[in-house]
């Protein structure tokens with residue numbers, strides 16, 4: 001995997017004159033970086049999962065979210081701190097909801113999530129899953145074709161309706177937890193969006209060329225370098241050629257063994273934090 005920081009460093013080095021004058025905005029770089037990866041869609045996505053905390057009828061999607069595959073509502077059953085201290089605000093919330101601190105030795109029937117607050121760390125175990133249903137006006141661009149939560153697959157019952165608006169899931173229920181299975185952007189072990197290694201590095205080359213083009217384009221539009229027209233035309237041509245090569249490579253599934261190893265290791269780490277338990281329920 002090639003990290004964001006490595007890509008940004010390469011772009012800044014290639015455009016070091018602009019970087020020296022502080023004309024490269026890193027917030028914009030990150031936005032363009034993510035959109036560059038998204039252009040390759042399912043060719044580079046991986047399936048992963050997460051438990052989201054709903055507060056005041058909404059929760060934010062994970063940073064690496066691409067397409068929804070499954071969404072379930074779960075209820076907290078018990079928590080376990082391995083005799084460590086739990087922040088008082090969490091303990092009060094658990095007590096108000098009747099969530100016990102009795103650790104269940106048999107955790108195979110639960111979904112679990114690790115919470116970290118300062119120096120404290122504890123696990124919460126969830127059960128009683130119920131399938132959620134998307135509202136009729138859901139955005140098809142963020143839902144997979146085989147999603148289990150489509151309106152024609154699930155009956156709308158009390159408090160099981162959700163809607164995805166931009167980066168937010170809106171819910172009928174005020175507070176609770178959603179277990180999400182989704183297609184995700186490739187990320188490094190720190191959870192930051194990254195570029196998968198490919199056999200000929202065409203994907204990486206496109207991402208760098210696209211970022212260079214976007215930087216110079218912004219500088220030209222802001223009239224910070226009126227002499228950049230020639231650079232922009234050159235970068236546009238290089239970017240378009242790089243995109244075609246990268247798309248061909250990504251469609252062939254030609255990720256390097258190292259890249260797949262990184263993806264495997266990342267999924268193993270996430271598996272340690274969120275155990276996937278999805279019941280076979282016929283709705």
task: Neighbouring Cβ atoms within 10 Å as the yardstick, rank 80, 103 fewest first.
output: 103, 80
- prompt: In what order do 94, 40 fall by count of nearby beta-carbon atoms within 10 Å, going from fewest to most?
  reply: 94, 40
field: Two-site label geometry, residue 47 and residue 103: point separation in nm, points 7 Å out along Cα→Cβ
entry: 3.2 nm
Calculated FRET efficiency for the pair residue 14/residue 224, C-beta based, R₀ 22 Å, to 0.05: 0.80
message: Test of understanding: what is the full-extension gain from residue 140 to residue 96, defined as 0.36 nm times their sequence separation minus their Cα-Cα distance?
response: 12.1 nm
statement: Everything considered on the Cα gyration tensor (a ≥ b ≥ c; rounded for a/c under 1.5, else prolate if a/b is larger than b/c, else oblate), the range 72-230 must be described as prolate
query: Under the rule of -39500 (n - 2.57) per DSSP H run of 4 or more residues, summed and divided by the residues of the chain, what mean residue ellipticity at 222 nm is obtained, to the nearest 500 deg cm²/dmol?
result: -11000 deg cm²/dmol
- prompt: If contacts are Cα pairs under 8 angstrom and at least 6 residues apart, what is the relative contact order of the range 112-195 in percent?
  reply: 19 percent
message: Calculate the FRET efficiency for residue 153 and residue 244 from the Cβ-Cβ distance with a Förster distance of 51 Å, rounded to the nearest 0.05.
response: 0.85
statement: Going fewest to most other Cβ atoms within 10 Å around each Cβ, 146, 188 line up as 146, 188
query: Of the residues 23, 234, 150, which exhibits the maximal mean-square fluctuation in a Gaussian network model of the chain defined by a 10 Å Cα contact cut-off?
result: 234
query: Once you sort the root eigenvalues of the Cα gyration tensor of the range 27-68 as a ≥ b ≥ c, which label holds: rounded (a/c under 1.5), prolate (a/b larger than b/c) or oblate (the other case)?
result: oblate
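No lab work stands behind these numbers, since they all come straight from the coordinates. Everything numeric here is computed off the predicted structure, so don't read it as measured data. Every residue, glycine as well, gets a Cβ built from its backbone with ideal geometry; the counts of neighbours run over all protein chains shown.
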